[in-house]
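For reference, the structure is listed below as structure tokens.
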């Protein structure tokens, strides 16, 4: 990187400036006999290519409809990653995709006949194996007890509605049943693949067959999660046996490049429910595909999140120690690329522990948590982005961070919402009141991690925050923990059709 | 270090030297002038003082090695540019911003002293390349006095900075009724025909305009011009706007006209460095008609059998 040194600037401290240009010093002397160091500029350092949900801010500023692409579809575009049958090598990608869809649909009847308890039990059995694979939260979430509560919450208080006609809660002659929509198509996001699992599980529990398009950055994560179902069996209390291999026939996992719009369109047109995750570009692509006019579309799009800490949460060193550990976890999960990952923290002054002391405690916590959750990638471009923002805070605030640039805390006393830098960079802003942070909320803010021990104060804050657009205000340390509703949506509601028998009004 | 009076500052002594002079005395002057400024910022800029303390840098200590000076990241000027004044707000004459091709512009606030130094440094460096005498300037941009001056935008400041070296000026980027710019091949042809063939000229413009408007139009028109021997091309600004073009249809080596040989590597685009001398990129001029390097040019490139000698870079003191 080029650094320029000059005595010229007098009105601003620009005498030694580190640029983001890259160059090399040339050895051979100047052919025109000029003395001094010769160098060649190679270009500007590439922008770090971390793409996370938090890109929403910059995207809003530079919104542009994509230009027409001249992409020519290739025959080998469609890659089946998990599919129980075989594809013909001579078929086109379009034909193969149609075949996959018809195969999935042919197993829809089997799925409809499975008792909800069998499906919950089978997924619960798989979850114990995911636990070993370090997807701890997913495993906990998929424990039968929790799945039951998710389904009951989604199905008007009774999971059995998905199995049979049952009376309305206040009637004996008016019956209700939830039926699957049919085929759910999922477009997964590379940064938060695992979130797609939560949607898939709910789609299975509502007895929909599922076609999932993974992102190019999947690296086999999803396939390995689903492979757990191979050879798995579950027997219900009533001795009904369900086989994982049969369930896998109702699920297909594919990949094709985003440019293969023809395949995207087929997938979209066939879907009874479309679920898209990811950044603006990805979800926009999906939403512009043609779809069934009565199909459901659920977009879990680009969002940004932050945290707030009320002074009463800073009562003792012990409390702060616990809180900083949780805060570090929120920043570290998914390497901060999740839509629920915090990039800013607003912390009230006036507590027993000062915001600055909190930052010091947080830096200790980050060091500790890092040992268990090392950063997955740190490219030279990321390092440069971190270096550059640290440079700014050397001027305007305080910098705490690891020498390896793997995490950074940037403290100041300005009530600002800073754009995500990613790579585990947290901006900490000292504020008079957590309510000062409300001005940063609009509907692009998804989650606010909240540490506010007084539940009445927390409720007052959450009323204001949700009014302005926030979807959820979980505890700090659980920001990335998937919950239902998510993004304001009770997913199960979108995955079923409600049908009635008898009645009404009797 | 004894603080000299304003008219005896080390930097003023440094300015008396030729810009590419390089010896122990100049080095000493440079370091002293630099320290003079670092101390000034330390004492007059709370932000900078805090920065130095964080970096455990004492500007009063004699500079042994320039690498020991903590560098300020360009991002600081993007975020805090307007607040980074080391002189009083009243003394700030204007703020300069980079063209912000990469998003947020860098900002520097400039006082009379800095502006004077910038101008002085620029004159000295440019004269080292094009000589002390003023010359005809062929400007590959829009006439700031024309109805289409708004097309010029921020380029105006850069273009006007060079006019002091010109004794005759022609602007050859024109615009049609729809404000679409085009390169006026005919009028440059006329301008060149009326030039004194003995007196070198300077072709001046932004790299991306030279590439996307001028070179293409000249190629398409099939016209050739003969510039006076010893003429120079100065092009400034970034290559960034051409990046997309470069990746899709990079000009083939064979088709690239020798008349204007340049490389991306030669375009100094350091937006944070306000000193104009850092963004001057004289290049190897060549005779457009013969497509051979101009022999009298101080930039003339060597072996004629190699059509694209490794472009000779400008030698700029760092």
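Read the figures in this text as sums done on the coordinates, not as results from a lab. Values in this document were obtained by computation on a predicted structure and should not be read as measured data. Note that each Cβ is placed from the backbone with ideal geometry, even for glycine, and that neighbours are counted across all protein chains shown.
Remarks
- Hits in the stretch A:101-116 - residues which are surrounded by fewer than 20 Cβ atoms within 10 Å (Cβ to Cβ), out of contact with any helix residue (DSSP H, G or I) (no Cβ under 8 Å at 6 or more places or on another chain) and not in a loop (DSSP other than H, G, I, E, B): A:102, A:103, A:105, A:106, A:108, A:109, A:112, A:113
- Filter pass, residue B:171 being surrounded by 13 or more Cβ atoms within 10 Å (Cβ to Cβ) and either within 16 Å of the chain's Cα centre (by Cα) or under 30 Å from residue B:87 (Cα atoms) (or both): no
- For the residues A:138, A:200, the requirement of being touching a helix residue (DSSP H, G or I) at 6+ places or on another chain (Cβ under 8 Å) and part of a helix (DSSP H, G or I) singles out A:138.
- All positions within the stretch B:63-79 that are at the interface with chain A (Cβ under 7 Å from one of its Cβ atoms), surrounded by fewer than 21 Cβ atoms within 10 Å (Cβ to Cβ) and over 16 Å from residue B:49 (Cα atoms): B:66
- Subset of the stretch A:3-28 (residues that are more than 7 Å from chain B (Cβ to nearest Cβ) and either buried (at least 21 other Cβ atoms within 10 Å of the Cβ) or not in a strand (DSSP E or B) (or both)): A:27, A:28
- Lone qualifier among B:108, B:113, B:139, B:104 - being in contact with a helix residue (DSSP H, G or I) (Cβ under 9 Å, 6 or more places away or on another chain) and more than 13 Å from chain A (Cβ to nearest Cβ): B:139
- Any chance residue B:132 is at the interface with chain A (Cβ under 9 Å from one of its Cβ atoms), within 22 Å of the chain's Cα centre (by Cα) and within 24 Å of residue B:30 (Cβ to Cβ): no
- Complete set of residues in the stretch B:116-126 that are under 12 Å from the mean Cα position of the chain (by Cα) and facing chain A (nearest Cβ under 9 Å): B:118, B:121
- If you go through the stretch A:392-410 and keep only what is within 12 Å of chain B (Cβ to nearest Cβ), touching a helix residue (DSSP H, G or I) at 6+ places or on another chain (Cβ under 6 Å) and in contact (Cβ under 8 Å) with a residue 40 or more places away in the chain, you end up with just A:400.
- Subset of the stretch B:80-94 (residues that are within 9 Å of chain A (Cβ to nearest Cβ) and surrounded by fewer than 22 Cβ atoms within 10 Å (Cβ to Cβ)): B:80, B:83, B:85, B:87, B:91, B:92, B:93
- Of all residues making up the stretch B:17-54, the number that are touching a helix residue (DSSP H, G or I) at 6+ places or on another chain (Cβ under 9 Å), more than 7 Å from chain A (Cβ to nearest Cβ) and outside any helix (DSSP H, G or I): 3
- The single condition among (1) at the interface with chain A (Cβ under 10 Å from one of its Cβ atoms); (2) surrounded by 16 or more Cβ atoms within 10 Å (Cβ to Cβ) that residue B:97 does not satisfy is (1).
- Residue count for the stretch A:484-506 under the criterion of being assigned to a loop (DSSP other than H, G, I, E, B) and surrounded by 14 or more Cβ atoms within 10 Å (Cβ to Cβ): the result is 5.
- Summed over the stretch A:294-345, the residues that are assigned to a strand (DSSP E or B) and over 22 Å from the mean Cα position of the chain (by Cα) give a count of 1.
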